[in-house]
Structure formats: C-alpha cells, structure tokens
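What follows draws every value from the coordinates through simple rules; no lab data is involved. All values derive from a computational prediction rather than experimental measurement. For neighbour counting, all protein chains shown are included, and Cβ atoms are generated from backbone atoms with ideal geometry for every residue, glycine included.
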Amino acid sequence: MIVTTAQLFKHAYGKYAVGAYNINNAEQAMGLFQGCIDSQAPFIIQISKGARKYTDKRMLEAIIRSAAEIYPEAIFAVHLDHGDEQTCYDCIDSGFFSSVMIDASHDPFEENVAITKRVVDRAHAKGLSVEAELGMLGGVEEDIKVDEGNACLTDPAEAEEFVKQTGCDSLACAIGTSHGAFKFKGRQSLHFDVLEQIKSRLPQFPLVMHGSSSVPQDEVARINSAGGSIQDSMGVDPNEYLPAAKLGVTKVNIDTDGRLVWTRVHREFFRDNPEQFDFRPPGKIFMAEYAKFIASRNDFLGSSGQL
Ligand code: G3H
Ligand code: 13P
Ligand code: ZN
C-alpha cells in the first residue's frame, strides 16, 4: 500500500531510518519488494530523473502499481529523487507520488530558498511533502559532478534558517558522504558532530542522508575477479546507519549498492556460462540476491520488523 512519506517518518523518527531505494526497472522493483517483505520493513521507492528517462515515467508507475498488487502487504512511499523544479511539478501533478525532492543545493542559499519555497507551496496544496537539500555532497549524480574540494558540509545555523524560510518537510544534509562508489579517501566515518548540531537546532525534524551506499568490498572483489575493474572504492560503514537514525536521520538513500549487486550477478553468470544469451536466468538470480541485500540493509537501518 502506498502511504505518505510523512506517515513513515512519524513512525521512524529517532528510532530507526527508512531505506530509500532507487529503481529503474521491474527486476529492481521485484527484488526490492521481496526484500522488504522478507524483512517486514516499510520503505521508500525513489525515482530519479534519469530513471524516468531510461524506463519512461509511465512504465515506472505501472511497475510500481503492479508490484504493490503482487505484494499487498508492502507499506511504502513513492518519492522523486533529486528533482529540478519542473520535474517536481510534473510529479506533484501526476497524483502518484507521496513526496518530491527539490535539489537546488548547487544554487546560492537565497536562490535555493526561493526555488524550494515555490515547490513546497505547490506540493503542500496537493498533500505531498518536500525534501530539500542544503550543503553539497561530492561525487556524481546524473549530470552533475562535484569534486571533493567543492563538496561542503551543511552549516547547522543555515539549516535552521533554511527550514524556517522554506517550510520544507525534511532536509538532506551533507555530513561527509558522497554519491557513487568512491566516497572516502582514508577517513570512513560520518560527521556525527555536525549531525548533532543540526539535530539540536532542528529537534524532531526528519533529516535525510544521501550517498549512503556501503559499497561492500566482497561485492567489489567478486566483480573484479569476474572481469570488472573498480578500483579504490569505499562506502559508508552500515553500522553507522542506526547511530545516525538516533540523531534524526530518518531516510537513508541507497542506490549504488544495488548496481553493484546487479553487476556482480551478471558478470559472474556470463563468465560461468559463456554459451548463454538468455537474460532471464541471471535476472532471476539478481532478483533473489537483491532481495537478500535489501533485507540486510533494513537490518542495519533498524527498519526490519517495523511493519
Ligand atoms: O543520487 C543519485 C542516484 O543514485 C540516482 O542516480 O541519477 O543515475 O539515476 P541516477
Ligand atoms: P549512493 O550513490 O551512495 O547509493 O547514494 C544514492 C543517493 O543518494 C540517491 O539519492
Ligand atoms: Zn542523492
């Protein structure tokens, strides 16, 4: 059943974090639903602009509605990931989304406030909630690449002011993570000090952590020994999800890890079965492996057993 993101946040706040997983196709959707049912976890399905282009937004909606019929026990929200203003309006008007993210974090503060406020007004009029972003993560997200030198952590005082001025419902904060598979050089820990300061200025306000994939090193090793070449990868320690949740992080975004599972399964399958060209056998393996992976992340997030 599709519920509002606000409902999920209310139940989770301060206790556990809700996993927000990106999907692009039916196989990811089926693995995601199965994994969340197996672990009895509520979840958020995220759709990026790239996913809406890749699969077609109508197809994605049909996939999600069908998955909800196949798994009637599933409790989830549908969310636009990293939207620009126009894409937010398209999703708000579609009647399908529970919430949207307006990402104007690359604009100056005042501009970010103005854009976010416009989206909040339109979304609230239709009962959707809005995630905004302040601060800048490093890494690659669709067409934007931010190198480490330009990434900047969220300023707690600015965060308080931003929420007051925009009326947004949740805030994505930069606390040391970045998008993709190459998150840290050396240090591998979240900036809990910054998170604590943000929480003390915004008590009871849901915070969001992007770039939260854990980039399991055994997964990367298997990819590389099956012909891949992913060097110097590093992810977030998943043991830090729950301490972050206790400090107000209510939504944890995970996408890259799912791509790694897909890559490992397909590389190994075609390496071991060079005569094969049917995509369904590895597709089946992927769905089962992705379900297992999702359930394990929900355990780290504390969302397992919360249905
Ligand atoms: O933050 C970015 C997400 O991982 C979505 O990636 O824009 O390539 O679909 P994408
Ligand atoms: P990862 O690249 O760490 O999976 O982050 C995904 C994300 O933040 C989606 O918005
Ligand atoms: Zn993100």
Seminar exercise, completed: trypsin sites (Lys or Arg not before Pro) in segment 232-307 lying in a DSSP loop, each with at most 12 other Cβ atoms within 10 Å of its Cβ, come to none
Problem set entry | Exposure proxy order (Cβ contacts within 10 Å, fewest to most) of 3, 18 | 3, 18
Exercise. Ranking 285, 175 by Cβ neighbours within 10 Å, fewest first, what do you get?
Worked result: 285, 175
Exercise. Which FRET efficiency value, to the nearest 0.05, is calculated for residue 73 and residue 15 with the Förster distance at 25 angstrom and r the Cβ-Cβ distance?
Worked result: 0.75
Seminar exercise, completed: Length gained, residue 54-residue 185, 0.36 nm per residue minus C-alpha separation, equals 44.0 nm
Exercise. Between residue 114 and residue 193, 0.36 nm times their residue separation minus their Cα-Cα distance comes to what?
Worked result: 25.6 nm
Exercise. Using the beta-carbon distance between residue 157 and residue 204 and R0 = 25 Å, what value does 1/(1 + (r/R0)^6) give for FRET efficiency, to the nearest 0.05?
Worked result: 0.90
Problem set entry | the chain - convex hull of the alpha-carbon atoms, volume per residue in Å³ | 120
Seminar exercise, completed: Along segment 56-61, Karplus-curve 3J(HN,Hα) (6.51, -1.76, 1.60; θ = phi - 60°) to the nearest Hz, with x for Gly and Pro, reads 5, 4, 6, 5, 4, 4
Seminar exercise, completed: Ranked by GNM mean-square fluctuation in the chain (Cα springs under 10 Å), the top entry among 98, 189, 129 is 189
For this session: Apply the Karplus parameterisation 6.51 cos²θ - 1.76 cosθ + 1.60, with θ equal to phi minus 60°, to every residue of segment 124-137 and state each ³J(HN,Hα) to the nearest whole Hz, in sequence, with x for glycine and proline.
Result: 5, 4, 10, x, 9, 9, 10, 9, 10, 10, 9, x, 9, 7
